[in-house]
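Peer 1: Sending over a structure as C-alpha cells; questions will come in a sec.
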Amino acid sequence: MVMVAVSSWGRLGRWDHEVTVLCDRGRVGEDIQRDRPGLAHGMGRSYGDVCLNPGGVLWKTTGLDRFISFDAVTGRLVCEAGVLLRDIQRLVVPRGWMLPVTPGTELVTVGGAIANDVHGKNHHAVGSFGHHVEWMRLVRTDGDMLDCGPALRRDWFAATVGGMGLTGVITEAAIRLRPVPGPWLETETIAYGDLGEFMALSHESAASWEHSVSWFDCLDRKGGRGLFMRGNFTASGGRAAGHARRWIVPFVPPLSLVNRATLRSFNETYYRLNGRRAVKKTMHYESFFYPLDRLLEWNRLYGPRGFFQYQTVVPPQDSLDAVRALLRAVADEGTGSFLAVLKTFGAMESVGLMSFPQPGVTLALDVPNEGERTVRLFDRLDAIVREAKGRLYPAKDARMPRSLFEQGYPKLDSFLQYRDPGISSGLSRRLMGH
Amino acid sequence: MIVGATSAIAEHCARRWVQDVDVDMTLVGRDKTRIEHVAEDLHVRSPGSTFQIRTEDCLDPQAIRRLSDDVAVQGVPDVVLIAHGTLPDQESCQKDLDACWHALAVTGLSPALYAEAFAHHLAQRGHGTLAFIGSVAGDRGRKSNYIYGAAKGLLDRYAEGLQHRFAGTGVRVVLVKPGPTDTPMTARLKAKGASLAAVDDVAKRIVAAVEEGRPVVYVPSKWRLIMWIIRHLPAPLFNRLDI
C-alpha cells in the first residue's frame with residue numbers, strides 16, 4: 001500500500017493517505033468496501049480536516065466527472081458527483097441557465113457542495129445548495145445504494161446535505177438550475193462607515209437585490225469601514241465574454257505574503273467611493289462570483305505554515321453586538337485577518353441536520369497560522385460566538401473545540417445515527433470521537 | 001470514431017471534439033455500461049451530435065473487420081482515434097505469461113488490427129485521419145516497463161509503415177506519444193509520487209495534432225527531447241540506469 005501526502009486548502013500540514021480514484025459510478029459500491037475507513041475527497045477546497053482522513057483511505061471523486069442528462073426546458077441537470085461547478089456553469093450559461101447557489105470558488109465538486117451545504121451571496125434570496133437538490137444517490141460502504149431527496153427518504157437527505165461526507169459516498173445528483181438572461185450582472189459597490197450601516201444596507205437590499213456581500217477593514221480603529229457589494233442578473237451585456245486571464249502563485253513563499261499590502265485594493269476602492277455614492281458596474285458572473293479563482297493556488301500566499309479560516313454565523317437578535325465584539329478582538333490581538341467578509345443570511349431553514357447556514361450574520365476571517373498567538377485569538381473569538389449562541393462552519397474549520405461544535409449543532413445526535421461506519425475523517429474523529 | 005472510448009485520454013478528446021461543433025461519433029469499448037455513461041455525458045455537452053455505441057471483443061480479428069465494415073457502410077469516419085490499452089504491472093507479467101500475453105495483445109496487437117481494418121476504408125475513400133495513442137514508453141525498452149513499452153513500440157512501427165503507405169495521399173496517420181498522464185490507468189504511478197500531465201491538457205494537444213495531421217507528436221512536447229536523449233544513450237550507460 002502506497003501512501004501519498006495530501007493537504008487541504010488551508011495548507012496547515014500534509015498527511016499520508018492511501019488515495020484511490022473513483023471513475024466508474026457503477027462500481028463505487030465495490031471500490032469503497034475496505035477493511036479500514038475511507039472518505040470521499042473532491043477538490044480539497046475545504047480549509048481544514050473535513051476533507052482529510054489522515055492515515056486512512058481517500059476516495060478521490062474527481063474521476064466521476066460525467067454529465068448524465070440536462071433538460072434545457074425545465075433546467076434540471078443530473079450529473080456525477082465529481083463534476084465541477086465550473087463545468088456546470090460553462091455548460092449551462094450559454095443555454096440560459098445557471099447554478100442557483102454557488103460559493104466563492106467554482107473549483108469544487110457537486111458532491112462537496114452538497115456535503116458542506118455551501119451557500120453564496122444570494123442566501124437571503126434562495127437558501128443554500130441543498131435547497132436545490134432534487135435527489136441524489138448515496139453509496140454506503142456495505143455496498144448498499146440509496147436514492148434520497150426532499151420527497152424520498154427525507155431523513156437520509158437531511159443527514160447527507162451538510163453531512164460532511166460521513167453518511168456515504170454521493171455518486172450522482174439532480175440539481176434544479178435557475179434561468180438567467182445571460183452571464184452578466186448589474187452591480188453596485190457602496191462604501192459604509194460602521195456596522196450599523198452594514199446592517200441597514202443589508203436590510204434595504206434584501207428584497208430588491210439577489211446577491212449581496214460585504215468586505216470589512218479589520219484594521220480600521222475608528223469604528224470601522226467597509227464596502228457593500230450587491231448585484232442582480234441583467235439582460236444587457238458587457239463586453240463579449242471570454243475567459244479572463246488566470247494567474248498562478250508558482251511557489252510557496254518562505255513567509256506569509258498576506259499583510260497590509262493586501263488591503264491596498266480595498267483602500268483604493270474605498271477612497272474612490274468616499275461619500276456613500278454607489279459605483280455601478282456591469283460584471284461577468286465569473287468576476288463577480290469568483291474573483292479569487294483567477295489567482296490559482298492563492299492559498300500558497302500564506303507561506304509554509306498555512307492559514308485558518310474562521311467563519312461563524314451569529315443569530316439575528318445579538319448579531320450586531322457579537323460581530324462588533326469579534327472584529328474588536330481581531331483588531332486588539334493585532335494578528336490575523338486584515339479583511340473580513342460579512343453577509344446576512346436569510347430566514348430560510350436549511351435542509352441539512354448539520355447545515356451551517358442559519359438566520360443571522362455570517363463573518364469570515366482568513367487568519368495566517370502564527371501558532372500560539374493565533375490560538376489565543378481563536379479562544380477569544382470562540383467565547384464571543386458561544387455567548388451569542390452562534391456556530392462555526394465545519395468546512396472551514398481545523399480547530400474548534402468539541403463543546404462549541406456540540407452547542408452549535410443541536411441536531412448532532414440525530415445525525416450520528418446516519419453515519420456510515422466505514423467512513424471517517426480528521427474532523428469526525430476530532431469532533432465526534434470516531 | 002473512437003476505439004477505447006472509456007480511456008480517460010480518449011474521453012477528454014471526445015469532449016473537445018464536441019465542444020464547438022456537432023459531430024456524428026461512434027464509440028467503441030469493452031464495457032457497455034461505461035461507454036453508455038461516456039455517451040450520455042457527450043450528449044449533454046453536445047445535444048446536436050449523434051453517438052453510436054459498439055461493444056466488441058477487441059482481440060477477435062473477424063469482429064474487428066465486421067465492425068469497421070459496418071461503420072464504413074454508414075460513412076467512413078473523418079477521424080479514427082485508436083486509444084485502448086492497459087498499463088500492466090511489469091512484475092506480474094514477468095511471472096505470469098497469460099498476463100504478459102494479454103498486455104501485449106490488448107495494447108499492441110489489437111490497436112494494430114483496428115488500424116489495419118480502418119486503413120482499408122480510408123484508403124478506398126482517399127482521405128481521413130488515423131490516429132494512435134502510443135507512448136513515450138515505446139521509444140526504448142526499460143526494465144521497469146518493457147512489456148507495455150514493447151506493445152506501444154509495435155504501434156510506432158505500424159504507424160511508420162502506414163505513413164509510408166499513405167504518403168502522397170489524403171490519408172494522414174498520426175502517432176501521439178503522451179508522457180505519464182494523470183488518469184485512472186496511472187493511479188499507481190501517481191501514488192508513487194510521479195508528476196503527471198493533466199489529462200485535459202494532453203487531450204487538447206492530441207486534438208490539435210489530429211487537426212494538423214502531424215505524424216509524430218509528443219505530449220507534453222518536452223518528452224521529444226527527453227526521449228531523444230534516452231534513445232541515444234549508449235547501452236553501457238543506459239543499462240546502469242535504474243529506470
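Peer 1: Under the Kirkwood approximation applied to all pairs of distinct alpha-carbon atoms, what is the hydrodynamic radius of segment A:116-155 in Å? Each step should come with its number before you reach the end.
Peer 2: Values: mean 1/r = 0.0860 Å⁻¹.
Hydrodynamic radius (Kirkwood, Cα only) of segment A:116-155 equals 11.6 Å.
Peer 1: Could you report segment A:365-434's accessible area per residue, 1.4 Å probe, as an integer in Å²? List each step's numbers first, then the result.
Peer 2: Details: 2990 Å² over 70 residues.
Spelled out: the 1.4 Å probe surface of segment A:365-434, per residue, equals 43 Å².
Peer 1: Counting pairs of alpha carbon atoms under 8 Å apart in space and at least six apart in sequence, what relative contact order in percent does segment B:3-143 give? Walk me through the numbers before you get to the answer.
Peer 2: Numbers: 174 pairs, mean separation 33.2, N = 141.
After rounding, I find 24 percent.
Peer 1: Rounded to whole Å and sorted largest first, what semi-axes of the equivalent ellipsoid does the C-alpha gyration tensor of segment B:121-189 yield via the square root of 5 times each eigenvalue? Before the final figure, lay out the partial values.
Peer 2: Details: eigenvalues 159, 36, 12 Å².
Working through the eigenvalues yields semi-axes of 28, 14, 8 Å.
Peer 1: Hey, rough spin-label estimate for A:Glu387 and B:Arg214, points 7 angstrom out along Cα→Cβ, what's it come to in nanometres?
Peer 2: Taking the two extended label points, one gets 6.6 nm.
Peer 1: Next up: Please report, in cubic angstrom per residue, the volume enclosed by the convex hull of the alpha-carbon atoms of segment A:84-218. Walk me through the intermediate numbers first.
Peer 2: Values: hull volume 18.7 nm³, N = 135.
So the per-residue hull volume is 139 Å³.
Peer 1: Given springs between every Cα pair under 10 Å in a Gaussian network model of chain A, which of A:Ser337, A:Ser265, A:Ser355 has the largest fluctuation?
Peer 2: Judging by the Gaussian network model, the answer is A:Ser265.
Peer 1: Per the 1.4 Å probe, what fraction of the accessible area of segment B:1-56, in percent, lies on carbon and sulfur atoms?
Peer 2: Details: 990 of 2350 Å².
Carbon and sulfur together cover 42 percent of it.
Peer 1: Efficiency by 1/(1 + (r/R0)^6): what FRET value for A:Asp71 and B:Arg16, r their Cβ-Cβ distance, R0 = 22 Å, to the nearest 0.05?
Peer 2: FRET efficiency, A:Asp71 to B:Arg16: 0.35.
Peer 1: While we're here: FRET efficiency for B:Ile53 and A:Asp413, Cβ-Cβ distance as r, R0 = 41 Å, nearest 0.05? Could you put the intermediate results ahead of the total?
Peer 2: On the way: r = 49 Å, r/R0 = 1.18.
It comes to 0.25.
Peer 1: So, one more: Taking a virtual spin label 7 Å from the Cα of B:Arg231 along the C-beta vector, which residues in segment B:108-138 bring their backbone nitrogen under 15 Å of it?
Peer 2: What the label zone holds, given the 15 Å backbone N cut-off, is B:134-138.
Peer 1: Largest first, how would B:His84, A:His123, B:His43 line up by accessible area (1.4 Å probe)? Each step should come with its number before you reach the end.
Peer 2: On the way: B:His84 25, A:His123 0, B:His43 90 Å².
Ranked list, largest accessible area first: B:His43, B:His84, A:His123.
Peer 1: Kirkwood Rh, Cα Rg: Rg to Rh for the protein assembly as shown? Could the numbers behind the result be given before it?
Peer 2: Values: Rg = 27.4 Å, Rh = 27.2 Å.
With Rg and the Kirkwood Rh in hand, the quotient comes to 1.01.
Peer 1: With springs connecting C-alpha atoms under 10 Å apart, model chain A as a Gaussian network and identify which of A:Gln407, A:Gln309, A:Gln358 has the largest mean-square fluctuation.
Peer 2: A:Gln407
Peer 1: Heavy atoms only, probe 1.4 Å: what % of the accessible area of segment A:267-343 goes to carbon and sulfur, would you let me know? Intermediate values should be presented prior to the final figure.
Peer 2: Numbers: 1750 of 3500 Å².
Percent of accessible area from carbon and sulfur atoms in segment A:267-343: 50.
Peer 1: Accessible area of segment B:94-227 with a 1.4 Å probe: how many percent of it is carbon plus sulfur?
Peer 2: 57 percent
Peer 1: What Kirkwood hydrodynamic radius do you get for segment B:49-122 when you take the inverse of the mean 1/r over all pairs of distinct Cα atoms, in Å? Don't skip to the end; give the middle numbers.
Peer 2: Working: mean 1/r = 0.0733 Å⁻¹.
That comes to 13.6 Å for segment B:49-122.
Peer 1: Another question, then. Roughly how many nanometres apart are two label points built 7 Å out from the Cα toward the Cβ at A:Arg294 and A:Gln317?
Peer 2: Placing both labels 7 Å along Cα→Cβ, they lie 4.4 nm apart.
Peer 1: Okay, next question. So, for segment B:10-151, what is the accessible surface per residue at a probe of 1.4 Å, expressed in square angstrom?
Peer 2: Values: 6240 Å² over 142 residues.
Result: 44 Å² per residue.
Peer 1: Mind giving me the nanometre distance, one decimal, between the label points for B:Arg157 and A:Glu204, set 7 Å out from Cα along Cα→Cβ?
Peer 2: For the pair B:Arg157/A:Glu204, the computed spacing is 8.0 nm.
Peer 1: Right, next: For B:His232, A:His17, B:His120, what's the largest-to-smallest order of accessible area, 1.4 Å probe? Could the numbers behind the result be given before it?
Peer 2: Values: B:His232 105, A:His17 0, B:His120 75 Å².
Output order, biggest surface exposure first: B:His232, B:His120, A:His17.
Peer 1: In square nanometres, what is the average projected area of the Cα convex hull of segment A:1-103? All intermediate terms of the calculation are to be shown ahead of the outcome.
Peer 2: Numbers: hull surface 30.0 nm².
Orientation-averaged projected area of the Cα hull: 7.5 nm².
Peer 1: A further question follows. With all protein chains present, calculate the accessible area of B:Ser7 using a 1.4 Å probe and round the result to the nearest 10 Å².
Peer 2: About 30 Å², rounded to the nearest 10.
Peer 1: Accessible area per residue of segment A:25-129 at 1.4 Å probe, in Å²? All intermediate terms of the calculation are to be shown ahead of the outcome.
Peer 2: Working: 2890 Å² over 105 residues.
So segment A:25-129 comes to 28 Å² accessible per residue, rounded to a whole number.
Peer 1: Could you work out the relative contact order of chain A? I mean the mean sequence separation of Cα pairs under 8 Å and 6+ apart, divided by the number of residues, in percent.
Peer 2: Value for chain A: 19 percent.
Peer 1: Which cross-chain or sequence-distant (5 or more) residues have an amide H under 5 Å from the amide H of A:Asp147, H modelled 1.01 Å from N in plane?
Peer 2: A:Leu138
Peer 1: In addition: Using the alpha-carbon centroid of each, what span in Å lies between segment B:150-199 and segment A:303-361?
Peer 2: 52 Å
Peer 1: Then there's this: Write out the cysteines belonging to chain B for which the nearest other cysteine Cβ is not under 4.7 Å, or none if no such cysteine exists.
Peer 2: B:Cys13, B:Cys58
Peer 1: Could you work out the pair-distance distribution P(r) of segment B:93-243 from its alpha-carbon pairs, with 10 angstrom bin width and percents rounded to whole numbers?
Peer 2: In whole percents, the pair-distance histogram is 11, 36, 37, 15, 2.
Peer 1: Right, next: In the full protein assembly as shown, how much of A:Val375 is accessible to a 1.4 Å probe, in Å² to the nearest 10?
Peer 2: 70 Å²
Peer 1: Another question, then. In a Gaussian network model over chain A where Cα atoms closer than 10 Å are linked, find which of A:Gly13, A:Gly56, A:Gly226 has the largest mean-square fluctuation.
Peer 2: Most flexible of the set in this elastic network: A:Gly13.
Peer 1: For chain A, what is the calculated [θ] at 222 nm in deg cm²/dmol (nearest 500), taking -39500 (n - 2.57) for each run of four or more DSSP H residues and dividing by its residue count?
Peer 2: Values: 13 runs with 106 residues, N = 434.
Rounded to the nearest 500, it is -6500 deg cm²/dmol.
Peer 1: Would you please state the base-10 log of I(q)/I(0) at q = 0.21 1/Å for segment B:1-80, with intensities from the Debye formula using one equal scatterer on every alpha carbon?
Peer 2: -0.94
Peer 1: Name the residues of segment A:64-86, by number, that are at least 20 Å² less accessible with every protein chain in place than in the isolated chain; the surface is that of heavy atoms, probe 1.4 Å, without ligands or nucleic acids.
Peer 2: When all protein chains are present, A:Asp65, A:Arg66, A:Phe67, A:Ile68 each give up 20 Å² or more of accessible surface.
Peer 1: Kindly work out what percent of the DSSP beta bridges joining two residues of the protein assembly as shown are antiparallel, to the nearest 5.
Peer 2: Numbers: 66 of 103 bridges.
Close to 65 percent.
Peer 1: Still on this structure, please answer the following. Dipole of segment A:334-434, Cα-centred, from +1 at each Lys and Arg C-beta and -1 at each Asp and Glu C-beta, to the nearest 20 debye?
Peer 2: Roughly 60 debye, rounded to the nearest 20.
Peer 1: A further question on this structure: Let me spell out the model: positive unit charges on the Cβ of Lys and Arg, negative unit charges on the Cβ of Asp and Glu, origin at the Cα centre of segment A:266-316. What dipole size does that give, in debye rounded to 20? Please report the intermediate quantities before stating the final value.
Peer 2: Values: 8 positive and 4 negative charges, 61 e Å.
With Lys and Arg at +1 and Asp and Glu at -1, about 300 debye.
Peer 1: Quick check of the Kirkwood formula: for segment A:261-350, what is the inverse mean of 1/r over all pairs of different Cα atoms, in Å? Could you put the intermediate results ahead of the total?
Peer 2: Values: mean 1/r = 0.0605 Å⁻¹.
For segment A:261-350, the Kirkwood estimate is 16.5 Å.
Peer 1: Using +1 at the C-beta of Lys and Arg and -1 at the C-beta of Asp and Glu, which of B:Ala197, B:Ser135, B:Phe238 has the Cα lying farthest in the positive direction of the dipole of chain B?
Peer 2: Value: B:Phe238.
Peer 1: I would also like to ask the following. Treating only the Cβ atoms of Lys and Arg (+1) and Asp and Glu (-1) as charged, compute the dipole magnitude of the protein assembly as shown about its Cα centre; round to the nearest 20 debye. The partial results should precede the final answer.
Peer 2: Details: 82 positive and 74 negative charges, 363 e Å.
Result for the protein assembly as shown is approximately 1740 debye, rounded to the nearest 20.
Peer 1: Compute for chains A and B the buried accessible surface, both sides summed, probe 1.4 Å, and express it in Å² to the nearest 100. Walk me through the numbers before you get to the answer.
Peer 2: Numbers: alone 18070 and 12230 Å², together 28960 Å².
Interface area, both chains combined: 1300 Å², rounded to the nearest 100.
Peer 1: Here is a follow-up. Lysine pairs in chain A with Cα distance under 18 Å, only those 8 or more apart or on different chains: how many are there? Please list the in-between numbers first.
Peer 2: On the way: A:Lys121/A:Lys280; A:Lys121/A:Lys281; A:Lys121/A:Lys343; A:Lys121/A:Lys396; A:Lys343/A:Lys389; A:Lys343/A:Lys396; A:Lys389/A:Lys411.
Lysine pairs meeting the criterion: 7.
Peer 1: Then there's this: So which residues in segment B:27-58 end up with at least 10 square angstrom less accessible surface once the other protein chains are there, compared with the chain by itself, probe 1.4 angstrom?
Peer 2: B:Arg34, B:His37, B:Glu40, B:Asp41, B:Val44, B:Arg45, B:Pro47
The values are calculated or read from the model by the stated rules, or taken from the named source; none is laboratory data. As the structure is a computational prediction, the values presented were derived from the model and not from experiment. A quick note on method: Cβ atoms are made from the backbone with ideal geometry, for glycine too, and the neighbour counts reach across all protein chains shown. Side chains are part of the model used for accessible areas, which takes the heavy atoms of the whole protein and leaves out ligands, DNA and RNA. Shrake-Rupley method; radii C 1.70, N 1.55, O 1.52, S 1.80 Å.
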